[in-house]
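What follows is one structure encoded as structure tokens, with my remarks underneath.
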Amino acid sequence: MLSLAGRTASPAKQPVPVRVGGFGGAAGLADYLARERIDILIDATHPYAATISANAAAAARQSDIPLIALRRPPWVAIAGDRWIEVGDVRETIEALGQTPRRVFVALGRNELNPFRDAPQHHYLIRSVDPVEPPLPLPHASYVIGRGPFSEQDDRALMAAHRIEVVIAKNSGGSATYGKIAAARALGIAVVMVRRPPALDGPAVETVEQAIAHLDHALTSATARGV
């Protein structure tokens, strides 16, 4: 069973059963796990979804079932990258400074409000769903898109909008790395929001590793007669 938060209006189709919406915190998730007789819980949330990860860990403990986290490795700056690392989205505003700049914003729709405090910049905002209502900013344009995004396409997008700085999260993986590679190629600075600390516990980096972990856990449980 794949559980989605419900923040995307038209999520990509999946080859497994899907439920949408929250559980009501850790206690609600624990109730769901017990009711549905779930054997193993996989935390495959976004690296920045700290609350969901904490609720998953608490629910797994309450339900006494194994939990494994699927955590993509973060991107690492290489030669040519111009990263400015910050602690949260609000700190990105300070990093932009007072001088008007042309900014490509690649964040979730729910994290855009801090940019109201810096109306002097020209923003290009990309999101999966439309930003409604639009931000009350004098210079903001929007582009709708769902990854993966190639370096070539993101280079063309940034060049067309004369982008001077990119704001992003260190999500890891290849689907959204195009903007990072494009910024490097164009000599553009990236204001990178650092990941929150990961919770302790078993973790893997790929879906294939998660499947192998499941096979091992279920085989071990069967051998024990669980």
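Conditions (1) in a loop (DSSP other than H, G, I, E, B); (2) closer than 16 Å to residue 75 by Cβ, marked per residue:
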position: 134; (1), (2): yes, no
position: 137; (1), (2): yes, no
position: 146; (1), (2): yes, no
position: 152; (1), (2): no, no
position: 180; (1), (2): no, yes
position: 196; (1), (2): yes, yes
position: 200; (1), (2): yes, no
position: 218; (1), (2): no, no
Query raised in the report: Is it the case that segment 134-147 has a residue that's of a type outside the set (Gly, Ala, Ser) and over 20 Å from residue 116 (Cβ atoms)?
Result: yes
Requested in this report: Tell me, yes or no, whether segment 204-212 has at least one residue that is of a type in the set (Asp, Glu), in a loop (DSSP other than H, G, I, E, B) and within 26 Å of residue 98 (Cβ to Cβ).
Outcome: no
Query raised in the report: Of 142, 123, which residue is hydroxyl-bearing (Ser, Thr, Tyr), touching a helix residue (DSSP H, G or I) at 6+ places or on another chain (Cβ under 8 Å) and farther than 30 Å from residue 69 by Cβ?
Result: 123
Report task. Take segment 121-137 and flag every residue that is closer than 23 Å to residue 96 by Cβ and either in contact (Cβ under 8 Å) with a residue 40 or more places away in the chain or of a type in the set (S, T, N, Q) (or both). Result -> 127
Report task. Could you list, in sequence order, all residues of segment 65-90 that are surrounded by 16 or more Cβ atoms within 10 Å (Cβ to Cβ) and either outside any loop (DSSP other than H, G, I, E, B) or of a type in the set (Phe, Trp, Tyr) (or both)? Result -> 67, 68, 69, 70, 75, 83, 86, 89
Report summary line: Those residues of segment 103-149 which are buried (at least 16 other Cβ atoms within 10 Å of the Cβ) and over 22 Å from the mean Cα position of the chain (by Cα) amount to 118, 121, 122, 137, 140
Query raised in the report: Can you find even one residue in segment 150-165 that is at pLDDT below 95 and in contact with a Phe, Trp or Tyr (Cβ under 9 Å, 6 or more places away or on another chain)?
Result: no
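Kindly indicate which of 205, 164 is among the charged types (D, E, K, R) and over 24 Å from residue 113 (Cα atoms). Write out each step before concluding.
Numbers: 164 fails: over 24 Å from residue 113 (Cα atoms).
Answer to the check: 205.
The values are calculated or read from the model by the stated rules, or taken from the named source; none is laboratory data. Everything numeric here is computed off the predicted structure, so don't read it as measured data. Glycine gets a Cβ as well: all are built from the backbone with ideal geometry, and neighbour counts include every protein chain shown.
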